[in-house]
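The block underneath contains the structure these notes are about, expressed in structure tokens.
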Amino acid sequence: MIIILLGPPGAGKGTQAKTLSQRLKIVHISTGDILREAIKTNTSLGQEAAKYVERGELVPDNLVTRMARERLSCDDTKEGFILDGFPRNLAQAESLDEFFNSNGLLDYSVIYLETSENTIIKRLTGRRICKSCQAVYHLINAPSNKQGVCDACGGELYQRPDDSEATIKNRLQVYERLTAPVVAYYSHKGKLLHISADNEADKVIAGILKFLKVNDSCEISL
Ligand code: ADP
Ligand code: AMP
């Protein structure tokens, strides 16, 4: 099963992808996570990407597309995968189409997590991430058991530098200008589920699973 999660920063793509990955036993691929890891370990990709990520700009397509293709070619994607944060503009969407076509991957679902700006700001400013395993928490909505400590691995929780209010504003503008057209792109292909992601995480996942089951059990053209 191949799932592409679309939506603005803070919509809950990573949160939903983690649950879907556990339920469906397919890998979660987040281009943001891969880039943060590259920055942390100071690889040449990380050095190149850091200045864009800090400012909330998109990392250039040639870097991200190569990175995504390499990741999608790993053995653990054979049973399927969930893409979170890619594609993020039309050029990336077209490149993904090419990859899918040349690998015979014709069946995929695109889920758009529709979110209001008010929700996005509250989610992003309260988001905390584990430095070691990148698990995602929220100060109010999804707190860790012990403040500042990851439940999963005991790592230290931190606030992403690009979750500051100034950078959030830029990321939302970038989203509207470059990523929103990707939603329209898949909608025109008849491949899109809209789901209201302002709801609690449990309700959102229930909606997604319902959709995927329908999609699984009958051959309907979406
Ligand atoms: P994205 O990957 O789309 O940027 P995340 O999954 O990291 O978004 O979620 C952003 C923040 O909002 C996190 O702190 C997460 O715990 C919280 N969150 C995600 N989904 C929900 C939800 N449905 N209700 C409340 N909080 C949520
Ligand atoms: P995310 O974790 O998805 O919020 O992404 C964090 C940051 O990584 C973004 O603001 C971009 O700077 C960069 N990034 C992640 N995915 C992509 C992508 N597909 N194309 C370009 N830049 C990306």
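The values are calculated or read from the model by the stated rules, or taken from the named source; none is laboratory data. This structure is a prediction, so every number in the text was calculated from the model and none was measured. Reconstructed Cβ throughout: ideal geometry from the backbone, glycine too, with neighbour counts over all protein chains shown. Each accessible area value is taken on the protein alone, full model and side chains, heavy atoms only, with ligands, DNA and RNA left out. Shrake-Rupley method; radii C 1.70, N 1.55, O 1.52, S 1.80 Å.
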When the residues of the range 159-175 are filtered to those that are surrounded by 13 or more Cβ atoms within 10 Å (Cβ to Cβ) and of a type outside the set (S, T, N, Q), which remaining residue is nearest to G7 (Cα to Cα)? Y175
Name the residues in the range 41-58 that are basic (K, R) and in contact (Cβ under 8 Å) with a residue 12 or more places away in the chain, would you? R55
Within the range 181-202, the count of residues that are surrounded by 13 or more Cβ atoms within 10 Å (Cβ to Cβ) and in a helix (DSSP H, G or I) comes to 6
Of all the residues that make up the range 1-31, how many are in contact (Cβ under 8 Å) with a residue 12 or more places away in the chain and open to solvent by 20 Å² or more (accessible area, probe 1.4 Å)? 12
Is there any pair linking a residue in the range 88-101 that is open to solvent by less than 50 Å² (accessible area, probe 1.4 Å) to one that is hydroxyl-bearing (S, T, Y) and within 16 Å of ligand 1 (Cβ to nearest atom), with Cβ under 7 Å and at least six apart or on different chains, and which? N89/T179
Within the range 35-82, considering residues that are under 28 Å from G104 (Cβ atoms) and among the polar types (S, T, N, Q), the one most open to solvent (accessible area, probe 1.4 Å): N62
Quickly run through the range 1-36 and pick out the residues that are of a type in the set (D, E, K, R) and either assigned to a loop (DSSP other than H, G, I, E, B) or away from ligand 2 (no atom under 11 Å from the Cβ) (or both). K18, R23, K25
Could you identify the single residue in Q159, Q134, Q173 that is under 20 Å from I82 (Cα atoms) and within 15 Å of ligand 2 (Cβ to nearest atom)? Q134
How do the pairs read when you match residues in the range 146-169 that are in contact (Cβ under 8 Å) with a residue 40 or more places away in the chain and under 12 Å from P9 (Cβ atoms) with residues anywhere that are among the polar types (S, T, N, Q) and assigned to a strand (DSSP E or B), using Cβ under 6 Å and keeping only pairs 6 or more apart or on different chains? none
